[in-house]
Every structure is written in structure tokens, then in C-alpha cells.
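Everything below concerns the one structure shown next.
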Amino acid sequence: MAYKYDEENIFAKILRGEIPNETILENDHALAFRDINPQRPHHVLVIPKGKFVSFDHFAKEASPTEIVGYIQAIGDVCDLLNLSIDTGDGYRLIANSGEHGVQEVPHLHVHILGGSSCGRMIQS
Ligand code: AMP
């Protein structure tokens, strides 16, 4: 079954420059910007520039160059915000996907959360 990409999703509009965003960094294949409703002192979303709905879509259909560019952007955000476990206190990386993952925006994004403890991963 083919993945369906909604051209009118809010992150597509951000990529087209139709909606403002607080950009942290950008490369040829990815854009990182602050979440509008931050859950931690640092809450950044990293999105690929290509039209991918979810992480599994990206893993299956993105080119190696796109995958490298996207993963590098995630590492660069960690460095930029001093979240890397090499020099900082760490972070949580989340990719909500689909209905059970409770994904609101149907364009692949990872959340990078840091600046304070994220607590246990899933509350029972
Ligand atoms: P998710 O549930 O993983 O799809 O998360 C979507 C995230 O996008 C939420 O954390 C929202 O706060 C965030 N969000 C929605 N609209 C915007 C926007 N215009 N700029 C930045 N973040 C946004």
C-alpha cells in the first residue's frame, strides 16, 4: 500500500515558507525548528525536506543522501544545543507515527527534548 502525503500539512507549509518558524538549523535535506508548544526547555522538531509521512516511510523510500543529511541534522542540533551526551546532559528523541503513535502532523518529524529530565518514557 502506498503512503499518502498531504501537501497541506503544516510542516509542508513551513517548508514552502507559507508559515513562519523558529529555525535552529538547516541543511540540504533537513530543517530543524523550535516546537510551538515546548514540553521541555529545549524542544526542537527536525523534519526532512522530502515528502515523507513517517519514519518507516522515510526508511523505505528516502535516498541514502537524504537519510545521511537528515541524521546529520539531528546530531548537529544536539551539538548546537549542548544536549549531546558527549558534552551535555542528554535528550529524548521521539518519532510519533500514525494513529497508535498519536502523530498529529503527517510529515515525518522527530522531537528532540532536553534541558531538563524527560522522566520515564511511558507512564502506566
Ligand atoms: P506530533 O504529535 O508528533 O505530530 O507532534 C506535532 C508537533 O508539532 C506538536 O508538538 C506541536 O506543538 C508542533 N507544532 C504544530 N504546529 C507547529 C508550528 N507551526 N510550529 C512549530 N511546531 C508546531
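Under unit Cβ charges (Lys, Arg +1; Asp, Glu -1), what dipole magnitude, rounded to 20 debye, does the chain have relative to its Cα centre?
With Lys and Arg at +1 and Asp and Glu at -1, about 220 debye.
Mind checking the log10 I(q)/I(0) for the stretch 1-114 at q = 0.13, 0.14, 0.16, 0.23 Å⁻¹? Debye, one equal scatterer per Cα, no solvent, two decimals.
Cα-only, vacuum Debye calculation for the stretch 1-114: -0.46, -0.54, -0.71, -1.45.
Would you work out which of H29, G50, I94 lies farthest towards the positive end of the dipole of the chain? Charges go on Cβ: Lys and Arg +1, Asp and Glu -1.
I94
With +1 on the Cβ of every Lys and Arg and -1 on the Cβ of every Asp and Glu, and nothing else charged, how large is the dipole of the stretch 65-117 about its Cα centre, in debye rounded to the nearest 20?
Value, rounded to 20: 80 debye.
Only the coordinates and a few stated rules stand behind these numbers; no lab work does. Note that the structure is predicted; figures quoted are calculated from it, not measured. Heads up, the Cβs are rebuilt from the backbone with ideal geometry, glycines too, and the neighbour counts pull from every protein chain shown.
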